[in-house]
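Below: the structure, in structure tokens.
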Amino acid sequence: MAGTKNPFQNLLKEINVNGETFHYYDIASFPEYRELPYSVRVLLESAVRNCDNFQIHEKDVRGILGWKGTKGTPRSETELEIPFKPARVILQDFTGVPAVVDFAAMRDAVLRLGGDPNRINPICPSDLVIDHSVQVDFARTEDALAKNQDLEFERNRERFTFLKWGARAFDNMLIIPPGSGIVHQVNLEYLARVVFQEAADAKPIRLLYPDSVVGTDSHTTMINGLGVVGWGVGGIEAEAVMLGQSISMLLPEVIGYRLVGKLNPLVTSTDLVLTITKHLRQIGVVGKFVEFFGPGVTELSIADRATISNMCPEYGATVGHFPVDANALDYLRQTNRGEERVQTIEAYLRATEQLRDFGNAEQDPVFTQLVELDLSTVVTSVSGPKRPHDRVAVSEMQQDFRQCLSAKVGFKGFAIPSAELGATGSFSWTDGKTYELRHGSVVIAAITSCTNTSNPSVMLGAGLLAQRAVAAGLKVAPYIKTSLSPGSGVVTYYLKESGVIPALEELGFNVVGYGCMTCIGNSGPLDDNVANTIEKNNLVCCGVLSGNRNFEGRIHPNTRANYLASPLLVIAYALAGTVDIDFEREPLGKRPDGSDVFLRDIWPTRQEIQAVEREHVIPAMFRDVYAKVELGSPSWQGLQAPTGKLYPWDTASTYIKHPPFFEGMTRELPVRGAIVGARALLNLGDSVTTDHISPAGSIARNSPAARYLSERGLTPREFNSYGSRRGNDAIMARGTFANIRLVNKLVGGVAGPRTLHIPSGEEMDVFDCAERYRTESTPLIALVGKDYGSGSSRDWAAKGPYLLGIRAVIAESYERIHRSNLVGMGIVPLQYLDGQNAESLGLTGRELFNVAIPDGCRPHDRITVTTDGGLSFEVIVRFDTEVDLEYYRNGGILNYMIRKMID
């Protein structure tokens, strides 16, 4: 039963730091301990500390200790299921809103079923960061920041009010108000504890244990750069963790990534991370931990490491971990964490052998596989035009782009006919001049995203480059939408103190807000003249951004090619006005005297940047910015929120709606049998991302969501974004599979959010088709290819399909988080046998499907799918653990938690 005495209580020891006594579990006393990767040591400590032989058993601890397996061969990731209780959960606004909505609805359901609604409270510490993501409608103006923030409160007052209610209604929840920064950077600079210091089990002791976190965004992995094990999970799974449920996971393989050598003085951490991303994608690390080690790690700042860890979802691993070392402790001092606190952290890590010396090979643990990168081989790079792991050396960029124009449609192709390769279009601007666009013209240039704005070296590097560009008389064309969205107020602080802000603003890179912007698709509209010229002439124009995602349709509908680049290169390509340039041979522009200015003339070295960083990035900045971060702006302080434990739902609200997930729920388990007579709502190919599935970005005026809002009296300027309306399931269901780049084979493989109602042969929007099937009582499935659900961890990529009536997905493979989210919503993830797919089996998607799911189904069982055409084939049920099965039987993870609370 729960509460059983911890069988490892004998490992509890005392440690004295600066006259204070703490306790900790001496996990280093296990004989097998020193061979464990440092990331696995965190999993071990959590299992030891939380072992109660109820949720976490003694055998789980022994299983983790046996990670290495027999005869030196590391344990396969498929062999052992373990529970993990993270120390924290972090929710960003877009996923935090539905989490709080679900909690409020769960309270209603518990009350209806006769339970105690007060039991619905976060159990583990939760940080809800209102990562305000605005559309950049006021770029290149001095008051862009103020205007965007005013607009954000105007558009999202109801959402913010609801969250303010949630902060009061639920225990153990910390709110970071809007205007504070990007969730992951605030986590790095302020929220991360590295080592927790708190009482345990209401006993009068202070327990030390490693900080660990799961977050509702895939780039939660950024915190691994500081030595905190953390990764992204779906909002559904995060909510269960907040309610005290452990995460069930397979003990991972750990890839040891050895870094040696030194970076060339002219390359940046962005170039390094794009190189690592491509390398690890080629190796194949999906579902695995990557742990960095080797003498080259000491050459990297914590910000550099955080940049690498941030891109972990792009190379596919669960975490990209850098254990804590002396540099990490110095970073804690630099970010004003406090000397006594740092000393306690160091003492604990030394006592448990979790403090890493990357120069000491004797500390190297056993890894599943070893790979190596010589830092000196890294060159200046970008990635694109459609995927973050398609790295291109800048020296080869011009040639690569031109090849992409002609290549067949795909990740590296646009299929522009040879006769149209020289196409151009011109338009008049407000300055009275006429400008010309052609293939490769840059129309969006954004210094954005937590990946790079957290890193002073690339941000200050961009500032120095801007200074030199302005001094040389260079300018950015006025029609290019430029913006600078720092990850926190600290960034603006040190950019101002170092004196680079005026030059950045001179080039159009004004601070427009703090949050996820262009990287998530919130670039705002392009000028109509620009957009019309692109569309009229079928031009492949470009966005260049310092982000982590560049999937089709994500950045802007009019930028068909998008390239990830360092902030320095963002400015360089903005100055050039095109990606179709060879920087070695072609100048960026001319000085007033007519002489050429090449990129090499204004590019700062790593040493020059670091000198400025040492002078201007100081603890006082972090102290000043974060001393008032929880207070928020006057607008936030002035919000009047409801009081009470139960939320007063407004049935007319288009932002916050009581979700339907618990309607009709009973104490008894639902009947889950075979899926009979199902239709395929969609037949999709490979690499369908959560951007294709989950509603994101602006709401198109001709979409089902737009029609819903129009029917309720809203005008297009009031539509706002899908992200802002994540608390309204009616909007989100209508926006599911609404991406303009979705390619559905049922409608001839033409890009767009359309599908076929098979019985009638009528083509229609995906939502409308799903509604028609619902009225006909027809269950639905989806056929998809490889890597289904890659990209950001979005709970609506599972909630949306559930609301559309999809009961099973048949895929060639799944991204880890998305598979878990599907299970969390009660959707059955099925996988073709190796070597099979829809095409090889002869499936068109027009068949009637029957899926036989037996009552005694076990993880990874093979079951049979039949069609009305007589085809029969086996698939693997991707319930990976017994817990997955339990969630499925309950109709989803939150339904399971409700029943557990009222038993």
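The values are calculated or read from the model by the stated rules, or taken from the named source; none is laboratory data. This one's a predicted model, so the numbers in the text were calculated from it and none came from an experiment. No Cβ is skipped: glycine too gets one built from the backbone with ideal geometry, and neighbour counts run over all protein chains shown. We work out accessible area using only protein heavy atoms, side chains counted, and drop any ligands, DNA or RNA first. Shrake-Rupley method; radii C 1.70, N 1.55, O 1.52, S 1.80 Å.
Structure above, values below:
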quantity	calculated
Accessible area (Å², per residue) of region 525-608, counting only protein heavy atoms and a probe of 1.4 Å	35
Normalised contact order of the chain, rounded percent, pairs of Cα under 8 Å and 6 or more residues apart	13
Above-threshold pairs, the threshold being 28 Å between Cα atoms, out of Lys262/Lys408; Lys386/Lys745; Lys262/Lys786; Lys59/Lys900	Lys262/Lys408; Lys262/Lys786
Estimated inter-spin distance, Asn360 and Asp150, nm [label 7 Å along Cα→Cβ]	5.8
Percent of C-alpha pairs per 5 Å bin, region 506-640, short to long	2, 7, 12, 15, 16, 15, 13, 9, 6, 3, 1, 0
Helical contribution to [θ] at 222 nm, DSSP H n ≥ 4, -39,500 (n - 2.57), averaged over the chain, rounded to 500	-9000 deg cm²/dmol
Cα→Cβ-extended label distance, 7 Å offset, between Thr715 and Thr377, nm	5.9
Label zone at Glu339, where the point sits 7 Å out along the Cα-to-Cβ direction: region 16-46 residues whose backbone N lies under 17 Å	17-20
Region 737-824: radius of gyration and largest Cα-Cα distance (Dmax), Å	12.9, 36
Mean Cβ neighbour count within 10 Å, used as a protection proxy, ranking 41-49, 622-630 highest first	41-49, 622-630
Ordering of 570-579, 529-538 by packing [mean C-beta count within 10 Å, highest first]	570-579, 529-538
Ratio of the Cα radius of gyration of region 88-129 to 2.2 N^0.38 Å, where N counts its residues	1.25
Globularity index of region 218-257, i.e. its alpha-carbon radius of gyration over 2.2 N^0.38 Å	1.33
Rounded to the nearest 20 debye, dipole of region 781-903 from Cβ charges on Lys, Arg, Asp, Glu	360
Three semi-axes of the equivalent ellipsoid, region 540-615, Cα gyration tensor, whole Å, largest first	26, 20, 9
For region 75-175, alpha-carbon Rg relative to the globular expectation (2.2 N^0.38 Å, N residues)	1.46
Over 22 Å [Cα-Cα, region 639-782], rounded percent	50
Alpha carbon convex hull of region 145-215, projected area averaged over orientations, nm²	6.5
Amide proton proximity set for Arg140, modelled H, under 5 Å, gap of 5+	Asn510
Alpha-carbon Rg with Dmax, taken over region 407-452, Å	15.3, 41
Links that overshoot a 26 Å alpha carbon limit, given the list Lys147/Lys481; Lys164/Lys657; Lys657/Lys799; Lys147/Lys496; Lys278/Lys496; Lys433/Lys496	Lys278/Lys496; Lys433/Lys496
Linear extension gain, Asp431 paired with Glu58, 0.36 nm per residue minus alpha-carbon span	127.0 nm
Kirkwood Rh and Cα Rg combined as Rg/Rh, the chain	0.95
Loop-located trypsin sites (Lys or Arg not before Pro) in region 674-707, at most 16 other Cβ atoms within 10 Å (DSSP)	Arg701
DSSP-loop chymotrypsin sites (Phe, Trp or Tyr not before Pro) across region 448-556, with at most 12 other Cβ within 10 angstrom	none
Label-point separation, Val750 to Asp868 (7 Å along Cα→Cβ), nm	2.5
Semi-axis lengths (Å, descending) of the ellipsoid that matches the C-alpha gyration tensor of region 672-731	28, 16, 11
Diffusion constant of region 293-341 at 25 °C, which comes from Stokes-Einstein with the Kirkwood Cα-pair radius and 0.890 mPa s, µm²/s	206
Unit Cα scatterers, Debye sum, region 477-528: log10 I(q)/I(0) for q = 0.16, 0.21, 0.24 Å⁻¹	-0.51, -0.81, -0.98
HN-Hα J in Hz across region 84-91 - Karplus 6.51, -1.76, 1.60, θ = phi - 60°, x for Gly and Pro	9, 10, x, 6, 9, 10, 10, 10
Residues with amide H under 5 Å from that of Arg88, placed H, sequence gap 5 or more	Ser212, Val213, Val214
Relative packing of 385-394, 215-224, which averages over residues the other C-beta atoms within 10 Å, highest first	215-224, 385-394
³J(HN,Hα) computed for each position of region 871-878 - Karplus, 6.51 cos²θ - 1.76 cosθ + 1.60, integer Hz, glycine/proline x	6, 9, 8, 8, 9, 9, 7, 8
Heavy-atom accessible surface of region 474-626: percent carbon and sulfur, 1.4 Å	47
For region 146-185: Kirkwood Rh in Å [reciprocal of mean 1/r, alpha carbons]	11.4
Under Karplus coefficients 6.51, -1.76 and 1.60, residue-wise ³J(HN,Hα) of region 747-759 in Hz, glycine/proline x	10, x, x, 8, 5, x, x, 10, 8, 10, 7, 5, x
For region 752-903, Kirkwood radius (reciprocal of mean inverse C-alpha pair distance, Å)	16.3
For region 806-877: accessible area per residue (Å², 1.4 Å)	39
DSSP-assigned coil residues among trypsin sites (Lys or Arg not before Pro) in region 423-501, each with at most 12 further Cβ atoms within 10 Å	Lys433
Pair-distance profile P(r), taking every C-alpha pair of region 212-285, with 10 angstrom steps and integer %	15, 38, 31, 13, 3
Charge dipole (debye, nearest 20) of the chain; +1 at Cβ of Lys and Arg, -1 at Cβ of Asp and Glu	980
Gained length - Glu668 relative to Ile205, 0.36 nm times residue gap less alpha-carbon distance	162.5 nm
Two-site FRET efficiency, Ala641 against Glu763, from Cβ-Cβ distance with R₀ of 56 Å, rounded to 0.05	0.80
Per residue convex hull volume, Cα atoms of region 96-252, in Å³	153
Other-chain or far-sequence residues with amide H under 5 Å of Leu207's (modelled H)	His23, Glu198, Ala199, Ala200
Ala326/Asp593 FRET efficiency (R0 45 Å; Cβ-Cβ; nearest 0.05)	0.35
Ala167/Asp686 FRET efficiency (R0 35 Å; Cβ-Cβ; nearest 0.05)	0.25
Charge sum, other residues only, whose C-beta stays under 10 Å from Gly473's C-beta, Lys/Arg counted +1 and Asp/Glu -1	+2
Shape metrics for region 448-561, restricted to C-alpha atoms - Rg then Dmax, Å	14.7, 45
Using distinct alpha-carbon pairs, which all enter the 1/r mean, Kirkwood radius of region 202-328 in Å	15.5
Cβ-based net charge around Val319, under 10 Å, with every Lys or Arg adding one and every Asp or Glu removing one	0
